[in-house]
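**Student:** Please see the structure below; I have some questions.
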Amino acid sequence: MKYKNLFNIKNKVSIVTGAGGILGKEFSVALAENGSHVALIDIDQRSIDKLSRSLAKKYNIKSKAYTCDVSNENSVKDTVIHIEKDIGKIDILLNNAATKTESLKEFFMPLEKYSLDTWKEIMDVNLTGMYIMAKEVGSRMAKRKKGSIIQMSSIYSSSMAADQRIYKDSKYLETTINTPTAYPVSKAGIVGLTLHLASYWGKNNVRVNTLSPGGVYSGQNKIFVKNYSRKVPLNRMADKKEIIGAMLYLASDASSYVTGQNIFVDGGISVW
């Protein structure tokens, strides 16, 4: 066996949900750069049309953008059918879509004032949407006896709570921030979903794993960056590109005997 080919994903077909987001764009570029054909999914197709055309041209792969509401089962079913017709049978699902809702102010409201409608919207996308997408794509993978599903969670999920002390005077894009209750609850549900699906589809050679990043720098103010970084053994937030290696590992045959795992890429914050 040639070990240098362990990470080879050339000509495999990948789906990236939430492809217009901060991490979604990087995931899409990384998969395409490594030779995978990529279907980009987002609720806002304008955010991914240009990226899709760029990837296809630059890396000589098939890439197409699809508008899809992952919380709507019919929308997901129709999109997956079109992807397999347009690009090919799906080998890799990067289940990445998540929401902060349309209002950052509402998303970051304190628990005592949190709207049930906002809670439900977050759950619909972050957890129910992930289930719907995994169900539709994973069922197809199971019939073909192969596939890798990577589900994006967070360090703030089933094993760690946010340290509320780091949020004093912290802002994100000029909005006062915290970790809303709905966020870690939805992310913890993803870990449970991964464990169930890994067990359920193991006999079909479909691997299902969770990838949990630590804090990724994306516009937080200096106060938050300082407070968060002090808690991290590597003493800094992550750059979005630093999540890529673990993703490629889970997508490729390098992780052929890995399933049901939650891999932390967190600078060591979870060691405390």
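The values are calculated or read from the model by the stated rules, or taken from the named source; none is laboratory data. Every value quoted in this text rests on a predicted model; they were computed, and no experiment measured them. Virtual Cβ from ideal backbone geometry, glycine too; neighbours counted across all protein chains shown. The area values use the complete protein model at the heavy-atom level, side chains included, leaving out ligands, DNA and RNA. Shrake-Rupley method; radii C 1.70, N 1.55, O 1.52, S 1.80 Å.
**Student:** Suppose each label sits 7 Å from its Cα in the direction of the beta carbon; what would the residue 72-residue 176 distance come out to in nanometres?
**Tutor:** Going by the 7 Å Cα→Cβ label model, 3.6 nm.
**Student:** Measure off, as a whole percent, the carbon and sulfur share of the 1.4 Å-probe accessible area of segment 162-272, all protein chains present.
**Tutor:** Result for segment 162-272: 55 percent of the exposed heavy-atom area is carbon or sulfur.
**Student:** Hey, could you pull the Cα Rg and Dmax for segment 182-251, both in Å?
**Tutor:** Here Rg and the maximum Cα pair distance are 15.6, 48 Å.
**Student:** Need the C-alpha centroid separation for segment 191-216 versus segment 82-123, integer Å.
**Tutor:** Segment 191-216 and segment 82-123 have Cα centres spaced 18 Å from each other.
**Student:** Return the sequence-ordered ³J(HN,Hα) values of segment 96-113 in whole Hz as given by the Karplus equation 6.51 cos²θ - 1.76 cosθ + 1.60 applied to θ = phi - 60°, using x for Gly and Pro.
**Tutor:** Result, rounded to whole Hz: 10, 4, 8, 9, 10, 6, 6, 10, 4, 4, 5, 4, 9, 5, x, 3, 5, 10.
**Student:** Which of the three applies to segment 40-81, rounded, prolate or oblate, going by the alpha-carbon gyration tensor with a ≥ b ≥ c and a/c under 1.5 meaning rounded?
**Tutor:** Taking the square roots of the gyration eigenvalues as a ≥ b ≥ c, segment 40-81 is oblate.
**Student:** Continuing with the same structure: Taking the DSSP beta bridges in the chain as the whole, what percent of them are antiparallel, to the nearest 5?
**Tutor:** Bridges in the chain that DSSP calls antiparallel: roughly 10 percent.
**Student:** I've got another one for you. My understanding is that a pair violates if its Cα-Cα distance is over 28 Å; which of 50/146; 50/226; 25/171; 120/241 do that in this structure?
**Tutor:** The pairs that break the limit, which is 28 Å between Cα atoms, are 50/146; 50/226; 120/241.
**Student:** By DSSP, what percent of the beta bridges with both residues in segment 1-108 are antiparallel, rounded to the nearest 5?
**Tutor:** 0 percent
**Student:** Report the label-to-label distance for residue 44 and residue 113 in nanometres (one decimal), using points 7 Å from each Cα along the Cα→Cβ vector.
**Tutor:** Rounded to a tenth, the inter-label distance reads 2.5 nm.
**Student:** Any idea of the accessible area per residue across segment 127-272, 1.4 Å probe, to the nearest Å²?
**Tutor:** 47 Å²
**Student:** Give the distance, in whole Å, between the Cα centre of segment 132-153 and the Cα centre of segment 5-58.
**Tutor:** Rounded to whole Å, the Cα centres lie 17 Å apart.
**Student:** Grab the beta carbon distance between residue 168 and residue 261, set R0 = 35 Å, and tell me the FRET efficiency rounded to 0.05.
**Tutor:** Efficiency for this residue pair is about 0.50.
**Student:** I'd like the accessible area for residue 173: 1.4 Å probe, protein heavy atoms, all chains in place, Å² to the nearest 10.
**Tutor:** 100 Å²
**Student:** Can you give me the % of accessible surface on segment 21-96 that is carbon or sulfur? Probe 1.4 Å, all protein chains present, nothing else counted.
**Tutor:** Of all accessible area on segment 21-96, carbon and sulfur atoms account for 45 percent.
**Student:** Here's a follow-up. Taking 0.36 nm per residue of separation and subtracting the Cα-Cα distance, what length does fully extending residue 144 through residue 57 add?
**Tutor:** Working it through step by step, the gained length comes to 28.3 nm.
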